[in-house]
Structures are given as C-alpha cells and as structure tokens.
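*Asks:* Here's a structure for you.
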Amino acid sequence: MRSNVLPISRQCSSKEQRLLRALRAMNGRNAWPSHAGHLLEELDVDSSGIYSLARLMRAIEDELEDFELLGPSSPFVSRDELNLLAALGQPLEVEEAARTRARIIGNEEFRGAELIRACAEALERANVALRPRAPLKVALNPLDDSANLRVRPQSERRLRPVQVESIEEVTPRVRRLRLTGEAFDDFDPSLPAQWVLLFLGEGEQRNRGRIYVVREFDAAARRLTLDLVLNQEGETSNWVRSAKPGDRALIAGPRGGFALHEEEPWLLLAGDESALPAIVSIIAAQPRERRITALIEVEDRREIQPLPSHPHLDAEWLVRGESRSLAAAIQACASDHQHGYAWVGTEASDAREIRLQLTRMRGFGFERTHVTGFWKRGEPRYKDLAAG
C-alpha cells in the first residue's frame, strides 16, 4: 500500500466517510449518481450545498490532474482526500484558513477555491463536523507562508448599520421595507435571489437575524428593498408593524444567489409568499428564450402580486384551501418536463417532500434542483439558506 493511502475507518468519522463517498461518486462527467445526493441529503445538506459540492468535484477533476480520488466503495482514503476534508472543515475565510487551503489544494490559482468556501458553509449549516487534523496543515504540496488563496472579499460578512426609509403595505400580509445607509457603498447583489440577514436590537439584546431575499437594490440611492411576510406574533413582524422612518437595524450580506446554466431550456419556479421576492428576481433575470413555469401559493387572492413581464412565462397562483396544493401542482407540471431546472422555496417539511418528489419520482436529480425551506412550522428562528 502506498504511504499516502490509509484505512478510511481509522481516519474518518462516520459522517466524514459518508461525505467522502458522496464526493467520490460525484466525480466524473458521464453520470451524476443520484445516490450521492441521497447520501448528502441524509446528512441534512441542503440542495444548494449538494449542487455546490458537485461543482467542486467537477472543478477538481478539470484542474487538478494529480488529485487522488479513490472509488466510492474503497475502504481506504488518500492523503488528497483527507486534505480536501480538512479544507471543507474550515468555513471561515480567515488568513490562516486561506493559507491552509492554498497548501491543501497545492495551487493558489485553483478556480474552485470559492466553491470550497461555499461547500464548507453548506456543511456547517448541516452540522457536519469535520475533525481538525493538525498534521495535514502541511500537505503534500506545501506552499510558502506568503501563498494566498484568491477568494471573494469578505465585506458581505460585516454588519452594516441601516435605517428605515419607508414601510409600504403591499398586501395584507406583506410589508415592503426600504432601508438606507452609508454602509451600502460597496453593497453589490450581483445574482438574483441573493439574501441578507436582518438584525434587530443592539449588543446582547440583538436577535439572531432573519433571512430575507433582496427584492431590489438602488446603488445610487443606497437603498435596499425587502418584502417581509407578517406572522401573527413573530419578532420581526412585530417590529415591522410598529417601525417608522429613522428606526435603526443591521444588515449582513448579500449572500447566496441563483445562477442557472445557459443550456437549460425550461425553469420551474415554485414557492409560497416567503419565496415570492426570490421568484420575482429570478424571473426578471432570465433570457427571453427560456420557458418559465411559476407556481405560487398564497393565503388568499388579496396576496397576489404582479410578476415581471416575460414572453415565455406561464404563472399559476394557488390559493390555500381553494386550489390544489403546491406539491400537487409541481408533480403535475414536472411530469410534462424532464429537461429543465426546478427552484422551490417553501415551508421546510413541504420542501423536503417536494425535493424527494422531484429527485426520486420525477428523475430531476440533485444537480437540476434547488429546493429550500424558507421557514418551518413551530420554529420562529428556523434558518436555512433561502437562495443557495
């Protein structure tokens, strides 16, 4: 046995073994094995994270010819694979983590460096703990300490002080919140369906932050627009009901976003009121030749809002208690389209059911789906990455 191949059971925890086997299964151009996605889903990795991990493995295959990946059923693990797990176990882009990743990959120009960051965050959200391995900080191809990984500036992680400019009642349940501030100078939501964290309060009284998709951003006016769905007794909902111009808050972001490969001819967008800002921004960003089906579930007909104009948009509004369910509408729609991409945002348990429906019954595959729980019944602080 070569010195850089080790018994997997001695080197990896059970979660790490499952992750590693899924990563191995995703490597290769000819097929994207569905069981790899199911392995990751069982670890509670969200669909956007699964897709990011698939893209990372493609990038490794394309750019790192000497990177050693063993087969999914191999009882051994290579040093390269351990190094990759070590990189994925560091979600924060601090200087030391960047240097370590540069050593791990062995190439500071590796274009998948940003994918490593995204995948590490997806694993962190799923509570997949990857054990630190101090000896692996000096990997097979160490670079000197001046090496630095090319990553995005981390300005999106800082807190931006903002203030309320206006609040508008869009529908009985939706309030349009416009926020302004000097801290928006370098704010740049470059993708549709990017999101921010909205924090209320100060110091120890500050809440954990809630995720809201960017509805609109006016760079010249330094104005961010968010649409908030009111709950009966939600913390943020109560704040919005009593907020007035000049009230202060904090914003972190933008993060996430939605990017669709150009070759997909058809796009399915589905969700409830909480997903509507993302659906609106995605529709507005699509090329004119792409066919789009939008299925939107609302409380009653007063919650229906205008959608962006698109020559090939087929939209259906579903009213709870009057129309078929969102899951039923997706099943009927998806049965007529086997070549396309599905983006869904709704309640977490419903999202899981829809994800299984699309991937296991309709054969969409995890690489052609993005299904996210925007909220969860009974959990006022539920947090899932709303747009990837």
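*Asks:* Confirm whether Leu191 is outside any helix (DSSP H, G or I), modelled with pLDDT of 70 or more and under 26 Å from Ser281 (Cβ atoms).
*Replies:* Considered against the rule, which asks whether it is outside any helix (DSSP H, G or I), modelled with pLDDT of 70 or more and under 26 Å from Ser281 (Cβ atoms), Leu191 comes out as yes.
*Asks:* Go over the candidates Arg10, Arg103 one by one and state the one that is over 22 Å from the mean Cα position of the chain (by Cα), assigned to a helix (DSSP H, G or I), modelled with pLDDT under 80 and buried (at least 19 other Cβ atoms within 10 Å of the Cβ).
*Replies:* From the options Arg10, Arg103, the qualifying one is Arg103.
*Asks:* Can you tell me which residues in the stretch 277-292 are outside any strand (DSSP E or B), free of Cβ contacts under 8 Å to residues at least 60 places away in the same chain and surrounded by 14 or more Cβ atoms within 10 Å (Cβ to Cβ)?
*Replies:* Ile283, Gln286, Arg290
To keep it simple, each residue is scored yes or no on (1) in contact with a Leu (Cβ under 8 Å, 6 or more places away or on another chain); (2) touching a residue at least 12 places away in the same chain (Cβ under 8 Å).
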{"position": "Asp185", "(1), (2)": "no, yes"}
{"position": "Val213", "(1), (2)": "yes, yes"}
{"position": "Asn231", "(1), (2)": "no, yes"}
{"position": "Ser242", "(1), (2)": "no, no"}
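The values are calculated or read from the model by the stated rules, or taken from the named source; none is laboratory data. Predicted model, so just to flag it, every value in this text is computed and none were measured. Here the Cβ is made from the backbone with ideal geometry for all residues, glycine too, and neighbour counts use every protein chain on show.
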